[in-house]
1. For Ile288 and Tyr250, what does the FRET efficiency come to when R0 = 30 Å and r is the distance between their Cβ atoms, rounded to the nearest 0.05?
2. Using the basic label-point model (7 angstrom from Cα toward the beta carbon), what is the Ile29 to Asn224 distance in nanometres?
3. Between His267 and Lys116, what is the FRET efficiency for a Förster distance of 51 Å, r being their Cβ-Cβ separation, to the nearest 0.05?
4. Separation between the Glu109 and Arg242 pseudo-spin-labels, each 7 Å from Cα along Cα→Cβ, expressed in nm?
5. When the chain is fully extended, how far beyond the present Cα-Cα distance does Glu336 get from Arg277, taking 0.36 nm per residue of separation?
6. Cα convex hull of the chain: mean projected area in nm², to one decimal?
7. Note the full-extension length gain between Lys302 and Asn180 as 0.36 nm times their separation in residues minus their Cα-Cα distance, in nm to one decimal.
8. Sorting Thr142, Thr104, Thr178 on the 10 Å Cβ count, fewest up front, what's the list?
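Computed from the coordinates by the stated procedures, all read-outs in this text should not be read as laboratory data. Just so you know, these numbers come straight off a predicted model, no measurement behind them. Note that each Cβ is placed from the backbone with ideal geometry, even for glycine, and that neighbours are counted across all protein chains shown.
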Amino acid sequence: MNNNQKLVSLTGDRPTGPLHIGHLIGSLIKRVEIQDTHRSFVMIADSQAYSDHIRNRDKVSKSILQVLSDYISVGIDPNKTTIFLQSAIPEIQELSFYFNQLTTVSRLERIPTVRKEIFEKFTSPDVYNSDIPRNIPAGFLTYAVSQSADILSFNADIAPVGKDQLPIIEFTNEIASTFNKITGKDVFKKCEGVLSSNETLMGIDGKSKMSKTLCNTIDLNSSNDEISKKVKQMYTDPKHLRISDPGEIYGNMVFSYLDFFYKDKVHLQELKEHYKRGGLGDMTVKKILIETLIEYFSPIQKRRKDIDQDKLISILKSGTEVAREVAAKKVKEAKESLGLILF
Ligand code: TRP
C-alpha cells in the first residue's frame, strides 16, 4: 500500500522534559505499531508547550531533542514516521485562528482535560469545582483549539493518545463538523481517538498518575541504576512490615508494574498469592521487577546509544518540511472554503 492509500495518524507531545513509562504505555507503544500500517505523523508540540512554559523556554528548547531521542529509542522510526516541529508550521496557528471563532469560552472551560490542568497548574487542586480563574493565560484556555488545528490540518483519521486527551479529540470533531456546516463543504473529516491500552500506570508513589513535577516517574532514558533506585522507592503495602505478614496487592505499585511488564502470568499469580499469604518480602518482589524492567529497557537503551546526535536536527528538519507541505495544502483548502481571498 502506498502512503496515499493509508489512513493518517497524528499525535504528539509537549516537549517539557524527558518522556517516561507513562507515555510509553499511554501512547508510544501504539505509535510504534501503527507506523507500519498508517501514514504516521508525530508532532513535537513546542508551541503548545509555550501555553504554560513561555517563561520557561529553556526547558522547552532543551527538551525538543530529548523527546526526539526518546521517540527513536522506543522504536519510532523516522523513515516510517514523519516527526516534526509544531512551531515551524505557521499554517497550523493560522487555522487555529479561524477555529477560535467557532467555539465559545464556556465550551472551552468545560473540556475536562483543560479544566483539570488549569486547576493543577494555576490554582490549588482543592478548588476543582469552582469557576475557572480569570487570570490564566488566554492561550492556555484555547490550546485545545490549536490542538484541533494540529489534527485537522493533517486530515488525521486517528489520533493515538492517552485517556486524558480523549475529550480534546471529541472537541476536535465538534469543530470539524461546525466548520463543515458553516462552509457547506466537507473540508474536515472525523478523527478517532485511539488508546494504546486500557491500562494506566500510576506513578511510583501510588498516589497520582506519572508526572514530571511530582518526581514519581521512571523516565525512558533511565540507566539500570536509576531504574533500580526508582523501584526501591516504590509504594507497596505500608502495613506489610515483616516478611511473614500478609500483604496487600491492590494499590501496591510493584505488582501493578509487574502486571504490565512481567510476561509469566502464571508465576506472577503465584507471587501474588504468596505475598497475600505472607512470607514474601518486598525486596524480593522488587528485585524481580528491577530485573524485568532492566530487560525491557535494554533495547531502548541500545537504540539510544546508537543515535547519531548530529543527525537529530536534520531528522526533525526534513520531517517538518514534509509535514508543512501536507498541512499547508489543507489549510489553503480551509481558507478557500471560508471565502478568504488567496493570492
Ligand atoms: N496535548 C498533547 C499532550 O500534552 C500534545 C499534543 C499536541 C497532541 N498536539 C496534539 C496530541 C495533537 C495529539 C494530537 O501530550
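1. Details: r = 19 Å, r/R0 = 0.62.
After rounding to 0.05, the efficiency reads 0.95.
2. Distance between the two pseudo-spin positions: 2.4 nm.
3. Values: r = 38 Å, r/R0 = 0.75.
So the FRET efficiency works out to roughly 0.85.
4. Using points 7 Å along Cα→Cβ, the separation is 5.8 nm.
5. Working: separation 59, 0.36 × 59 = 21.24 nm, distance 6.90 nm.
Gain in length upon complete extension: 14.3 nm.
6. Values: hull surface 78.7 nm².
Its average projected convex-hull area is 19.7 nm².
7. Details: separation 122, 0.36 × 122 = 43.92 nm, distance 4.71 nm.
Result for the pair: 39.2 nm of gain on full extension.
8. Details: Thr142 19, Thr104 8, Thr178 15.
By the 10 Å Cβ count, ascending, the order reads Thr104, Thr178, Thr142.
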